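Taking it in order: structure first as structure tokens, then the write-up.
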Amino acid sequence: MTTPDYPVGYGRPPAHTRFKKGVSGNPKGRPRKDAAEQNAAGILSDPISVRIGDRPASLQPLEIAIRKMLKDALQGNQRSLMQLGRLVHKHQLVPAPKPPVTSGVIVIPKTMPMQMGLAALALFGPPPWNAGQIARARAQYLARRSAEQKAVDELMEYADL
């Protein structure tokens, strides 16, 4: 029986079914974990005796699982390969390769034509270049330059030509 001043409906339970003050709504509490869950960390940390090649060894279960995953991946198992890749990436077991340098300023010495400096850059990377590298870049540049470029080079009087 409800009183006329308290309508019962959505979000308004009857007064006799509401939680009582000072009394828990869950008197038994959360159920305990079973023994397997409690001991999972202990189970995964206990070493296991195995044979590697012809000698006995004591390994952690996780290490055994990773070794098995690696073995399967090397034999062509795609799922093991993907799992191993995710594991390596997640835990950063292998450092990521450094990205190539794609921007920046390269100073080509004033003693050589721009095209010769670009040839040296393509052959040997950024400067400094040693005398042998400059000689090789010079030979490549002289073999490819046009008559107009030859006239410009004579006017500029480059020291490295």
Spot the failing condition for V107; the list is (1) surrounded by 10 or more Cβ atoms within 10 Å (Cβ to Cβ); (2) within 30 Å of M156 (Cβ to Cβ); (3) over 30 Å from the mean Cα position of the chain (by Cα), and only one is missed. (1)
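Here's the yes/no breakdown for (1) within 30 Å of L161 (Cβ to Cβ); (2) modelled with pLDDT under 85; (3) out of contact with any His (no Cβ under 6 Å at 6 or more places or on another chain); (4) of a type outside the set (A, V, I, L, M, F, W, C):
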| site | (1), (2), (3), (4) |
| --- | --- |
| L44 | no, yes, yes, no |
| G85 | no, no, yes, yes |
| Q92 | no, yes, yes, yes |
| L118 | yes, no, yes, no |
Right, L142: of a type outside the set (F, W, Y), closer than 25 Å to S103 by Cβ and not in a loop (DSSP other than H, G, I, E, B) or not? no
Taking only segment 67-96 into account, find how many residues are small (G, A, S) and within 25 Å of G53 (Cβ to Cβ). 3
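For residues that are outside any helix (DSSP H, G or I) and of a type in the set (A, V, I, L, M), scanning just segment 43-99, find the one that is surrounded by the fewest Cβ atoms within 10 Å (Cβ to Cβ).
Restricting to residues being outside any helix (DSSP H, G or I) and of a type in the set (A, V, I, L, M), the top hit is A96.
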Can you tell me how many residues in segment 119-132 are surrounded by 15 or more Cβ atoms within 10 Å (Cβ to Cβ) and aliphatic (A, V, I, L, M)? 3
Which of the residues belonging to segment 26-42 are part of a helix (DSSP H, G or I), of a type outside the set (D, E, K, R) and surrounded by fewer than 10 Cβ atoms within 10 Å (Cβ to Cβ)? A35, A36, A41, G42
Looking at the structure I just gave you, is K71 touching a helix residue (DSSP H, G or I) at 6+ places or on another chain (Cβ under 9 Å) and within 30 Å of L44 (Cβ to Cβ)? yes
Counting just the residues of segment 14-50 that are of a type in the set (D, E, K, R) and under 33 Å from the mean Cα position of the chain (by Cα), which one comes out nearest to L84 (Cα to Cα)? D46
Which numbered condition L121 misses (of (1) over 39 Å from the mean Cα position of the chain (by Cα); (2) free of Cβ contacts under 8 Å to residues at least 40 places away in the same chain): (1)
If A137 satisfies all but one of (1) modelled with pLDDT of 90 or more; (2) surrounded by 13 or more Cβ atoms within 10 Å (Cβ to Cβ); (3) outside any helix (DSSP H, G or I), what's the number of the condition it fails? (3)
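The values are calculated or read from the model by the stated rules, or taken from the named source; none is laboratory data. Nothing here was measured: the structure is a model prediction, and the numbers come from that model. FYI the Cβ positions are ideal-geometry reconstructions off the backbone, even for glycines, and counts take in every protein chain you see.
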